[in-house]
Every structure is written in structure tokens, then in C-alpha cells.
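Q: First the structure, which I've put down as C-alpha cells, then a few questions once you've had a look.
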Amino acid sequence: MISQKIRALAPEQDPLRMGMGWTVEDLSKPQIMVESTFGDSHPGSAHLFRLVEKTVDAVAESGGKAARYFATDICDGMAQGHDGINYSLVSRDTIANLIEIHANATPFDGGVFVSSCDKAVPAHLMAIGRVNIPSILVTGGVMDAGPDLLTLEQIGIYSAQCARGEITEDKLTWYKQHACPSCGACSFMGTASTMQIMGEALGLMLPGSALMPAMCADLDEVAAEAGRQVMHLAKLGLKPRDIVTRESFENAVMVHAAISGSTNSLLHIPAIAHEFGIEFDAEMFDRLHRGAHYLLDIRPAGRWPAQYFYYAGGVPRIMEEIRSMLHLDVMTVTGRTLGENLDELKKNGFYDKCEAYCAQVGLKWQDIIRPFDKAIGTDGAIAILRGNLAPDGAVIKHTACPKEMFRAVLNARPFDSEEEAIHAILTHEIRPGDAVFIRYEGPRGSGMPEMFYTSEAISSDKELGRTIALITDGRFSGASTGPVIGHVSPEAADGGPIALVEEGDLIRIDVPERKLEIIGVGGEEKTAEEMAAILAQRKAAWKPKAAKYPDGVLHIFSQHAVSPMEGGYMK
């Protein structure tokens, strides 16, 4: 094994290991890295040390020696409302880089990666592909819902209602104090929940282990089983790039369509594929989502909190319902194919256990995960829009968008910051029929923060939520609903057409035809040729903005990030 080869090359290895308590016997055992995002940073990571310890003990019981490594993540929720959110996307790449350093500075024979949340899980998946040692991902599950099934994504709506005087400050305070009753990822199908599911869909997690309730005993057993199984993978020499193929990514996107997953997956899945040496762009999402069955009735688009996903049978149940659309012969970390895993789960009582959980909350699994022939929708969840406003593409989650906005011509209201835009919305400067633009918020502009508060201010307004659109080169929270279009590429900082939009331009949105276009000026429609000439004149007069971050990690990120439609990773 590689650890033993390194011992032979570096005579300092043994004494340094023994200096931190390893025995002579430990030195010759398979050495397993247990990397987590544990830290007192937020509920998604504060409980992970418990899972780390379960894994470490299981590695020892299986004849190996584990070493704990940590790269704590940040919380997008805590970073909202201030410039902290600009650090969110870059934290993904930074965590992946640190894991690369950890894994290669002192090579290990295998790794177990423990994480829960928005940037931590994709960072771990990127690192797994990059370092390519036998690996298993363990995700920390999801928090419980609060009283009356209160979940965190509702706080943005209640905050906007309070700002408009629709609810009292005391009522908002009560909601805030009861929305997060336990550790775990936020209990809705946001980015954290989506990416946990993507980890399993790619074959890098134990079957049925994604998005378990964070505090349940089942998750402890998953962490222990991961410790045992990684030892088996290390002895086999079965590496992530031996497991994950293009077909694995296609499976993940089909599952993404079935769960109406977060739009941020369009940043993460291509970035993960890049680390596995697989070309996979946003067009694959659009192609695979067309005609795909949307089955999951989980918030924010559905009725139930995310903890109910496991009760209904989790990823395996989703995969059973869309089985005919999956590549069943792909390999997984069990050492068996996906099809073999699904067949085994039917035999070993997994679904019986899940149905017992469903019964405890008075539901059947079909109430949470619809059968294939009773789908909520049959055209997936994501669409990629293109046109003279977004030549390289833009993203809309059409399952969370009012049908009235699927085809619309709107009046442009451009803003160069989220603060300006949200002020205009809350003070009723924005009227029905407007298209609110927030620009210079892409990876090169400001790190690509979420426009969560703005989207919630719109979707919580009964009139505006069905009559205006929000368009940005930034991104949205996985909890965002309403007529929101993000990832507009090229971004404004690169001189993309979104930087050239002026007050009163006519904007055409056509989701069925996948169009996003500037079709007029000053309220008057123009021909395509006339618009091309007008945009060329504007581009000639356009001047880049000064860098928002002249130094530090966001300066580095702004200099090296690729387009959002390619994954927004640092090149």
C-alpha cells in the first residue's frame, strides 16, 4: 500500500507517527484518512465529530489505523445579508484544495469524507475525484423540522413580511427561535440536501445513506459501516475514478430532476466532473431534464420537510421509480453495481424500516415520493435559457416558478448590487411587469453570492411573485422560489450582455423555448439585427468596474474562476 511505500522513502514517518501516540503495530496497518468539516460553525457541521469517531473506531476494528483531518466549512445561512456570502463559493474550492494538500503531503491508503452542507459536500466530492484514493462519502444528514413543521427557508419569507408590516417583530422572533431544533443540514431541498443526494446518486456513498435525520442511530451505523467498507476498498485498490463514469453523472442528473434539486447543482456537478476528468456541462442538465419525471414532494417546492425523504425510502426509492431511465451497470463503493445494490435493498428490510418511519408521521411513502406514473411534473426541474442576453446560458428552476412567468415580456430595471435591488422591491419602486437585474455578482465580480433575500422579498409578495422576474449573474439559494433566473453568462464583470442592459429595455423570457433575450429599447420592440447593433454600440462604450476585492482569496478567485456554466471553479 502507498502508506508503506512512503514509510520506506521517508524515515521520519515512523517516529513522527509515534510522537502522536501511534504504536509500532499501528505503523504497518492500512492507513485511512478521515476528513471532515466538523467545527462549531453551524448546525450542519457541529455534530460531525460523532460520526468521525464512529468511523475511526470501525477502521480500528477492521485492522486499520485512522487519522482525523479537519477543514471546517462556513454556513451560507449565517453568511446571508452581508458580504460574508461572497466567500461561500470560494470556500468550496478552498476546502477541496486543503484536502488535496492533506492527502498528498502524507499519502493514505483510503479516505472517508464526512460533511453535510452546501459547499462542504461538493468540496469533498471534488477532492475525492482529485486525490483518487479509495474513498467513501458520509453525509451528516438533515435537521428535524420545528413546531408545525417550521423550516428555515420560511424565515426569509417571514422577514420580508415583517419588513412590510404584515407580521409583528415578536412573531418573526418566535419563528427564528424555533426554525432549527437540531443539528444537520437545513430541512428542505436546498443545496445541502441536494448535494447529499448527488453523492449517493454518483455511487460514492453507501446505499440509502443520504439525507438521514442527523440525530438518528441509523446514521451512526452508516458511519461505522463506511469505516469497515473503506478498508475493503483499500485492500481491493478500488478508486473513485474506477467507480464514477459519465454514466454515473447522467444517473445523478436524472435523480436531480426527480427531486427538483437546487440550481446550485449546476455549479457543483460540472466542477466535480472536471475533477474526475469527465466533460459535463449545463447542457447535459437541460437535455436530461426534458421529459424527466419530478416525484419529490419536499419543500421549498413541495409540502414536507426534508427529514421525510429518508422515511419514504430516500435515494433508493427515487431510483426504483426511475429505474428504467438509469444506467444500472455503473459501479458503486459497495463493490457492486447500482442494479445489484437496489436489488439487495429489497431483500434486506431497508424499505420495511422506512415505511415504519412513515407510519410514525401518519404518511405513506407515496405521499412524499410520488410513483413514476403519478409524477408531480414530467419535464424535470431545470431549464437552460439562451439568447442575446445569455449567450453562454442561464438557469431557471421552472418547478419553483409561477406558470404565468413561463412566457413574458418585461421592462428592465437594472441594479449593480443586491442592496439597491432589495430596497427598490421593499419600497414598492418595482412594479408588475418589471425584470429586476442584479449584476456584477458573478464569480469574477464578487464571488457569486446568493440573491436569497431579494428572491424571498419577491416570492413573498403575492402580486410581484407572479408578475416580475429576478435576473442575475449571481446565484440563488436552493431554498429560493419564484420567477428567478441566475448564472447569466458571460457575467457582467467580463462584459457580458447583462452589463449592457439599460432601464426600459424589453426582456423576453420563454421557458418552453429556452429563450432569454433583449428584444427592445425604451419600451419599443426592435428586430434582432437592430438589437445586435445597439448592443455592439453599448459594448464599445462599456468600461469594466474596478475589482471589488483588490487582494485576498476573493481577488485570487476573481482572477481564476471559470464561467458559472462550467462550474465556477478556479482554473
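Q: What value, in deg cm²/dmol to 500, does the helix sum -39500 (n - 2.57) over DSSP H runs of n ≥ 4 give at 222 nm once divided by the residues of the chain?
A: Values: 24 runs with 234 residues, N = 571.
Per the formula, -12000 deg cm²/dmol.
Q: Note the listed values (i) 186; (ii) 205; (iii) 144, then indicate which one is volume of the Cα convex hull per residue in Å³ calculated from this particular structure.
A: Correct label is (iii).
Q: What shape does the stretch 429-539 take by its C-alpha gyration tensor, where a ≥ b ≥ c are the square roots of the eigenvalues and a/c under 1.5 counts as rounded, a/b above b/c as prolate, and the rest as oblate? Before the final figure, lay out each step's value.
A: Numbers: a/c = 2.00, a/b = 1.26, b/c = 1.58.
Note, shape of the stretch 429-539 comes out oblate.
Q: Now for a different question. Would you mind working out the magnitude of the charge dipole of the chain relative to its Cα centre, with +1 at each Lys and Arg C-beta and -1 at each Asp and Glu C-beta, to the nearest 20 Debye? Don't skip to the answer; put the middle values down first.
A: Working: 53 positive and 75 negative charges, 142 e Å.
In total the dipole reaches around 680 debye.
Q: With a cut-off of 8 Å between alpha carbons and a minimum separation of six or more residues, what is the relative contact order of the stretch 466-552 in percent?
A: Details: 95 pairs, mean separation 16.4, N = 87.
Once divided by the residue count of the stretch 466-552, the mean separation gives 19 percent.
Q: Answer rounded, prolate or oblate for the stretch 216-285, using the Cα gyration tensor with square roots of eigenvalues a ≥ b ≥ c: rounded when a/c is under 1.5, else prolate when a/b is larger than b/c, else oblate.
A: Here the stretch 216-285 falls in the oblate category.
Q: If contacts are Cα pairs under 8 angstrom and at least 6 residues apart, what is the relative contact order of the stretch 119-256 in percent? It would help to have the intermediate numbers written out before the result.
A: On the way: 182 pairs, mean separation 48.1, N = 138.
About 35 percent, as a whole number.
Q: With a cut-off of 8 Å between alpha carbons and a minimum separation of six or more residues, what is the relative contact order of the chain in percent? Present the calculation step by step, with values, prior to reporting the outcome.
A: On the way: 1296 pairs, mean separation 76.4, N = 571.
Averaging sequence separation for qualifying contacts and normalising by length gives 13 percent for the chain.
Q: Sticking with this structure for a sec: If you average the alpha carbon positions of the stretch 209-276 and of the stretch 179-206, how far apart do those two centres end up, in angstrom?
A: Their Cα centres are 11 Å away from one another.
Q: Once both axes come from the Cα atoms, what is the angle between helix 191-201 and the longest principal axis of the chain, in degrees from 0 to 90, rounded to 10?
A: Tilt relative to the chain: about 50 degrees.
Q: In the chain, what % of DSSP beta bridges are antiparallel (nearest 5)? Kindly include the intermediate steps, with their values, before the conclusion.
A: Working: 24 of 56 bridges.
In the chain, DSSP labels about 45 percent of beta bridges as antiparallel.
Q: Using only Cα atoms, tell me the angle between helix 246-259 and the longest principal axis of the chain; keep it within 0 to 90° and round to the nearest 10.
A: Helix 246-259 sits roughly 60 degrees off the main axis of the chain.
Q: If I model a spin label at Asp26 and Lys571 as a point 7 Å from the Cα along the Cα→Cβ vector, what separation in nanometres do I get?
A: 4.4
Q: So if I take the centroid of the Cα atoms in the stretch 336-382 and the same for the stretch 1-79, what is the distance between those two points in Å?
A: Centre-to-centre distance over Cα atoms comes out at 34 Å.
Q: What is the packing order of peptides 424-435, 225-236, taking the mean over residues of other C-beta atoms within 10 Å and listing the highest first? List each step's numbers first, then the result.
A: Numbers: 424-435: 16.5, 225-236: 21.8.
Sorting 424-435, 225-236 by mean packing, highest first, produces 225-236, 424-435.
Q: Can you compute the modelled spin-label distance between Gln537 and Leu172, with each label point 7 Å from Cα toward Cβ, in nm?
A: Simple spin-label model gives 4.5 nm for this pair.
Q: A further question on this structure: Take each of the peptides 71-80, 29-38, 113-122, average the number of other beta-carbon atoms within 10 Å over its residues, and list them starting from the highest.
A: Working: 71-80: 21.7, 29-38: 25.4, 113-122: 31.1.
Highest to lowest by the protection proxy: 113-122, 29-38, 71-80.
Q: Taking the alpha-carbon centroid of each part, what is the distance from the stretch 511-554 to the stretch 409-463 in angstrom?
A: Each part's Cα centre sits 16 Å from the other's.
Q: While we're on this one: Calculate how steeply helix 48-61 sits against the longest principal axis of the alpha-carbon atoms of the chain, using the helix alpha-carbon long axis, and give the answer as 0 to 90 degrees to the nearest 10.
A: 30
Q: Would you mind computing, in nm to one decimal, how far apart the modelled labels at Val409 and Lys353 are, each placed 7 Å from Cα along Cα→Cβ?
A: Each label point lies 7 Å from its Cα, and together they span 5.8 nm.
Q: Follow-up question, since we're still on this one. Could you order peptides 489-498, 327-336, 184-193 by the average number of other Cβ atoms within 10 Å of their residues, highest first? Working shown, then result.
A: Numbers: 489-498: 23.1, 327-336: 17.7, 184-193: 31.1.
Highest-to-lowest ranking by the protection proxy: 184-193, 489-498, 327-336.
Q: If you roll a 1.4 angstrom probe over the protein chains with everything in place, what fraction of the accessible area of the chain belongs to carbon and sulfur, to the nearest %?
A: On the way: 10680 of 20760 Å².
Result for the chain: 51 percent of the exposed heavy-atom area is carbon or sulfur.
The values are calculated or read from the model by the stated rules, or taken from the named source; none is laboratory data. If you're wondering where the values come from, they're calculated on a predicted model, not measured in any experiment. Heads up, the Cβs are rebuilt from the backbone with ideal geometry, glycines too, and the neighbour counts pull from every protein chain shown. Note: accessible area is taken over every heavy atom of the protein model, side chains too, but ligands, DNA and RNA are not part of it. Shrake-Rupley method; radii C 1.70, N 1.55, O 1.52, S 1.80 Å.
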